[in-house]
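Worksheet: the structure to be examined is printed underneath.
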Amino acid sequence: MSRAERLLELLQLLREHRYAVTAEHLASELNISTRTLYRDINSLRAQGACIDGSPGTGYLLTERFTLPPLTFDDDELLALSLGLKWVVKSTDPELVRSAKRAHAKINAVISSSSKIKLNHHGITVLKKPVTDPNLLIVRKSIQLGVKLEIVYKDLKDKISTRIIWPCALGFFDDSAVIAAWCELRQNFRHFRIDRIESIIELESYPIAPLQLLKRWQDETAINLG
């Protein structure tokens with residue numbers, strides 16, 4: 001993370017707290033020393049951020065800073081809210097945290113009336129949260145282009161070991177499904193993530209992830225939108 005990115009992340013952490021937060025907590029969240037945190041606080045203050053507090057008492061952002069006002073109509077706010085709720089209930093822990101941060105960022109820059117519409121609209125996502133520990137591994141393998149060795153149980157409960165090149169991940173009501181090139185079958189196959197018995201990360205596969213995704217789309221005629 002560059003220093004500029006770290007300063008933006010620090011600013012966002014301060015936005016997310018209504019009360020003073022300690023330097024130790026902020027430094028831990030950013031994985032930096034408290035000495036570096038103090039320097040970053042001073043840098044933000046020099047750029048115009050209104051940050052109250054001092055070492056030992058904690059820090060509080062007293063005014064909104066740098067972000068321009070955002071306006072959404074009622075349906076846009078509803079779409080954002082439902083989309084973020086779906087991510088929280090359907091994906092891996094890293095994306096869940098990202099969705100919650102995104103929600104906090106939106107809350108930080110919209111009006112009071114819009115906050116009510118974003119957070120209190122009576123419409124929700126009635127879905128059992130996904131807890132499969134393999135979701136994060138699969139998502140990262142798609143992003144990085146990494147092969148996976150899986151032990152897989154098919155619909156007939158037949159067990160097989162496959163080496164796959166994941167290229168897409170789709171979420172359905174009852175499961176998530178991986179689209180991948182299968183070395184055993186020498187073709188694209190689809191695997192339900194809840195039928196994976198074990199999973200091991202291997203080396204990178206010999207093609208760019210986006211190229212593999214395009215090949216899968218061309219062969220299956222599936223449009224991801």
Checked pairs for region 107-135, first farther than 16 Å from Leu82 by Cα, second surrounded by 12 or more Cβ atoms within 10 Å (Cβ to Cβ) and among the charged types (D, E, K, R), C-beta under 6 Å and 6 or more apart or across chains, list as Ala108/Arg15; Leu135/Asp92
When (1) in a loop (DSSP other than H, G, I, E, B); (2) loosely packed, with under 13 Cβ neighbours inside 10 Å are applied to Arg35, the one that fails is (1)
Within region 106-125, is there a residue that is outside the structural domain of Glu16 (by TED's automatic domain parsing), part of a helix (DSSP H, G or I), in contact with a Pro (Cβ under 7 Å, 6 or more places away or on another chain) and not aliphatic (A, V, I, L, M)? no
Requested in this report: Please tell me if Asp173 is exposed (fewer than 10 other Cβ atoms within 10 Å of the Cβ), within 20 Å of the chain's Cα centre (by Cα) and of a type in the set (D, E, K, R).
Outcome: yes
Reported set for region 174-225 where residues are in contact (Cβ under 8 Å) with a residue 40 or more places away in the chain and small (Gly, Ala, Ser) is Ala176, Ala179, Ser198, Ser204, Ala208
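The values are calculated or read from the model by the stated rules, or taken from the named source; none is laboratory data. Please read all numbers here as calculations on a predicted model, not as lab measurements. With ideal geometry, Cβ positions are generated from the backbone for all residues, glycine too; neighbour counts draw on all protein chains shown.
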